[in-house]
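K.L.:
Below: one structure in structure tokens.
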Amino acid sequence: MRFSQAFLPTVKEVPKDAVDASHVLLLRGGYIRMIGAGIYEMLPLGQRVLKKIIAILREELDAAGCQEVLMPAILPASYFQETGRWDVYGDVLMRLKDRKGGDYHLAPTHEEIITDMVRRDVRSYRQLPLNLFQIQMKYRDEPRPRAGLMRCREFLMKDAYSFDVDDAAARKSYATMRSAYERIFTRLGLDFRIVEADSGQIGGDTSAEFQILAQSGEDRIVACDACDYAANVEVAEARIPEAEPPKEADMKPRELVETPGTKTIEQVVAFFEKEGFGVEDVIKSLVYVAPKADGESEMVMALVRGDHEVNEVKLARLMGVDEVHLASDEDVGRLLRTKVGYVGPVKDALPEGVSIRVVADHAVGSILNGVAGATKTQYHFRHVNFGRDFDAELHHLRQVGDGDECPRCGGTLHAYRGIEGGHIFILGTHYSSKMNATFLDDDGEAKPFVMGCYGIGVTRLMAAAIEQHHDDDGIQWPLSIAPYQVIVLPLGNDEQVAAKAEAIYEGLKAKGVEVLLDDRAERPGVKFKDADLVGIPLRVTIGNRGLKNGVAELKMRTGADAEDVPMDEIVEVVAKRVRGE
RNA sequence: CGGGGCGUAGCGCAGUUUGGUAGCGCGCACGGUUCGGGACCGUGAGGUCGAAGGUUCAAAUCCUUUCGCCCCGACCA
């Protein structure tokens, strides 16, 4: 492609609304343009990158035995009504009506449709296993689209769905997809971790996220430095340190202390620190509301050490609900007759007749002579002990963080930020049983398909790759997904230089290399800046200087230095480099 | 949904407090000089100031309503 003919509008100034590196560089580099919140156009360069990613996906999925299908983006409401997601999805679903007033929506994901597709035509175990995938736009009215392609309302997604006869077979499909994903992410040039994760609304018991490590990632994960344990902090566990429970003999008498103006842990610590108490002596008591499916809700008191945070996903699992949220000041006042900030678990201090479930993190069980709220506004207790002063169910309840011990091997966990690039699930019969999708097994019985689903956010990967591969000057595409592999820069207006560049351009094209020739009548500085911004992996520069010595300059986008290559070898050298030789 | 910010030329912004002929930089077009890290000089095109209503002799500027975008939080296969 000739730069002079390319629709490749690069921009010098940073667009006002872009913050993250990938967003800024995709806009500046002429890859995408925004049309509305979370809605983008792909310009030619962006489309080329997408096609590269898609090609890798297709190759690896085909190799894994998957078959590609295409499903409608616009769906009648009936399918999501069958599984209840018409209601569950709430405002995230882009709903619309046709001229007759019928309910439709844009597909945020396709489990129902694929299940329907399979139940129509698959009747026998002999037709299984089956793994179907699609690559297409999906639609979610996100509460907050952000960061360019990172979180969009319309986004390109690859989803695969497996159908098996039983759990064992489903696990096999899952394992196959897991290794296919490892190959895919590796080929995309991404530094990633496979982490244990919460399955969320989609259901199912086994799932893993493919997290792309990046400072700007929305997710927080931990990974062990000694074994391959890695998990999203939502579900991460840490080894419980072998701590002696407090001995009766060491317990001091509990005392009520007036502590005005100490609503936060920080204030409590400041108040008690001259007496030798630290933040790890404080018992943080938080009241949560767990809304049950039947509309009722239960209150629960969750205890963690002062320097720890409650893991709300784990708390919700513990309570058997989808989610929990902190109780409002009013809720707390009504139940415990105290202000938020002075809540505590001490039994004797709770208002008469009040009973509340109390759950605590293991670390709370081993605090000796701790500090806790007195369930009385402006008061705390000192010398509070588990067992003597309060009871609680001990669980893994806190958020795991950097420096915690690995639950598997005792190694050290490190914290990272990640971008969720893929998520694979074993769904079981969650959808198939609701939708009465069954096959006849070899014993002659009708059984629901055992399903799995496997998603990759294609447009998001494009952004994630940039988050991981850029510098101050621009993008540094991995060779496997770069829009062009090589950019040829003739400098100055020397006709011989132009002719030489032309020859190299043609030579590379003839060898199947994807080349961009910057034949614009621009000054050298402009061409260099644009080449760096756009992020083409290999750069061949031809100038007067080199021409005199019979050499072209070859530079990797990621490298610091350029090397001189004899003019008559440059095509072959570059072609080899592109082939990875 | 809560908090904050912003809509003025293709892009980035000033002008709004204190109403009075809409400006700057980049980009774009033309001419000239220049040519290895976003050159310089000259000329020029380009704006119903997000939209609607109101106040006023007069509104980018004041008032009301409304739409959109960004950031933080809540939320999120």
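The values are calculated or read from the model by the stated rules, or taken from the named source; none is laboratory data. Everything numeric here is computed off the predicted structure, so don't read it as measured data. Cβ placement follows ideal geometry from the backbone for every residue including glycine, while neighbour counts extend to all protein chains displayed. Heavy atoms of the whole protein, side chains included, go into the accessibility calculation; ligands, DNA and RNA do not. Shrake-Rupley method; radii C 1.70, N 1.55, O 1.52, S 1.80 Å.
K.L.:
Would you pick out the residues in segment A:265-283 that are touching a strand residue (DSSP E or B) at 6+ places or on another chain (Cβ under 8 Å) and either outside any helix (DSSP H, G or I) or not assigned by TED's automatic domain parsing to the domain that holds A:His380 (or both)?
P.N.:
A:Phe277, A:Val282, A:Ile283
K.L.:
State the number of residues belonging to segment A:51-74 that are at pLDDT below 95 and within 18 Å of A:Ile466 (Cα to Cα).
P.N.:
The qualifying residues number 0.
K.L.:
Next question, about the same structure. Out of everything in segment A:228-257 that is over 22 Å from A:Gly344 (Cβ atoms) and among the β-branched types (Val, Ile, Thr), what residue ends up being modelled with the lowest pLDDT?
P.N.:
Result: A:Ile240.
K.L.:
Within segment A:264-287, does at least one residue satisfy the condition of being among the charged types (D, E, K, R), over 14 Å from A:Ile367 (Cβ atoms) and in contact (Cβ under 8 Å) with a residue 60 or more places away in the chain?
P.N.:
There is at least one residue in segment A:264-287 that is among the charged types (D, E, K, R), over 14 Å from A:Ile367 (Cβ atoms) and in contact (Cβ under 8 Å) with a residue 60 or more places away in the chain.
K.L.:
Residues to consider are A:Gly559, A:Gly535; find the one that is exposed (fewer than 14 other Cβ atoms within 10 Å of the Cβ) and within 27 Å of A:Gln47 (Cα to Cα).
P.N.:
A:Gly559
K.L.:
Check every one of the strands (runs of 3 or more DSSP E) wholly within segment A:99-216 and list those with 1 or more residues that are within 24 Å of A:Ile481 (Cβ to Cβ), away from RNA strand B (no atom under 14 Å from the Cβ) and open to solvent by 40 Å² or more (accessible area, probe 1.4 Å).
P.N.:
Where strands (runs of 3 or more DSSP E) fall fully within segment A:99-216 and carry at least 1 residues being within 24 Å of A:Ile481 (Cβ to Cβ), away from RNA strand B (no atom under 14 Å from the Cβ) and open to solvent by 40 Å² or more (accessible area, probe 1.4 Å), they are A:192-196.
K.L.:
Please find, among A:Val332, A:Val346, the residue that is under 38 Å from the mean Cα position of the chain (by Cα), hydrophobic (A, V, I, L, M, F, W, C) and either at pLDDT 75 or above or buried (at least 18 other Cβ atoms within 10 Å of the Cβ) (or both).
P.N.:
A:Val332
K.L.:
For segment A:459-500, give me each residue that is free of Cβ contacts under 8 Å to residues at least 60 places away in the same chain and assigned to a helix (DSSP H, G or I).
P.N.:
Answer for segment A:459-500, where residues must be free of Cβ contacts under 8 Å to residues at least 60 places away in the same chain and assigned to a helix (DSSP H, G or I): A:Glu495, A:Gln496, A:Val497, A:Ala498, A:Ala499.
K.L.:
Suppose the filter is of a type in the set (S, T, N, Q), in contact with a strand residue (DSSP E or B) (Cβ under 6 Å, 6 or more places away or on another chain) and either within 16 Å of RNA strand B (Cβ to nearest atom) or open to solvent by 40 Å² or more (accessible area, probe 1.4 Å) (or both); does A:Gln81 pass it?
P.N.:
no
K.L.:
Look through segment A:236-281, keep the residues that are of a type in the set (Val, Ile, Thr) and out of contact with any helix residue (DSSP H, G or I) (no Cβ under 6 Å at 6 or more places or on another chain), and return whichever of them is nearest to A:His380 (Cα to Cα).
P.N.:
Of everything passing the filter in segment A:236-281, A:Val257 is nearest to A:His380 (Cα to Cα).
K.L.:
Are any residues in segment A:427-454 within 22 Å of A:Cys152 (Cβ to Cβ) and either open to solvent by 10 Å² or more (accessible area, probe 1.4 Å) or of a type in the set (Phe, Trp, Tyr) (or both), and if so, which ones?
P.N.:
A:Tyr454, the sole residue that qualifies.
K.L.:
Here is a further query. Could you tell me which numbered condition A:Ile114 fails, if it satisfies all but one of (1) farther than 30 Å from A:Asp17 by Cβ; (2) out of contact with any strand residue (DSSP E or B) (no Cβ under 6 Å at 6 or more places or on another chain); (3) at pLDDT below 95?
P.N.:
Looking at each condition in turn, A:Ile114 falls short on (2).
K.L.:
How do the pairs read when you match residues in segment A:1-29 that are outside the structural domain of A:Val515 (by TED's automatic domain parsing) with residues anywhere that are open to solvent by 50 Å² or more (accessible area, probe 1.4 Å) and near RNA strand B (Cβ under 7 Å from one of its atoms), using Cβ under 6 Å and keeping only pairs 6 or more apart or on different chains?
P.N.:
Hits for this filter: A:Val24/A:Val14; A:Arg28/A:Val11.
K.L.:
State yes or no: is A:Leu70 among the aliphatic types (A, V, I, L, M), within 27 Å of A:Glu111 (Cα to Cα), open to solvent by 80 Å² or more (accessible area, probe 1.4 Å) and more than 12 Å from RNA strand B (Cβ to nearest atom)?
P.N.:
It is true that A:Leu70 is among the aliphatic types (A, V, I, L, M), within 27 Å of A:Glu111 (Cα to Cα), open to solvent by 80 Å² or more (accessible area, probe 1.4 Å) and more than 12 Å from RNA strand B (Cβ to nearest atom).
K.L.:
For segment A:301-313, check the following and say yes or no: at least one residue is loosely packed, with under 12 Cβ neighbours inside 10 Å and in contact with a strand residue (DSSP E or B) (Cβ under 8 Å, 6 or more places away or on another chain).
P.N.:
No, every residue in segment A:301-313 fails to be loosely packed, with under 12 Cβ neighbours inside 10 Å and in contact with a strand residue (DSSP E or B) (Cβ under 8 Å, 6 or more places away or on another chain).
K.L.:
Out of A:Arg557, A:Arg579, A:Arg523, A:Arg539, report the one residue that is free of Cβ contacts under 8 Å to residues at least 24 places away in the same chain and within 11 Å of RNA strand B (Cβ to nearest atom).
P.N.:
Criteria check complete, one pass: A:Arg523.
K.L.:
So in segment A:496-523, with the set limited to residues that are in contact with a Leu (Cβ under 7 Å, 6 or more places away or on another chain) and among the β-branched types (Val, Ile, Thr), which one is surrounded by the most Cβ atoms within 10 Å (Cβ to Cβ)?
P.N.:
Among those residues, the one meeting the criterion is A:Val515.
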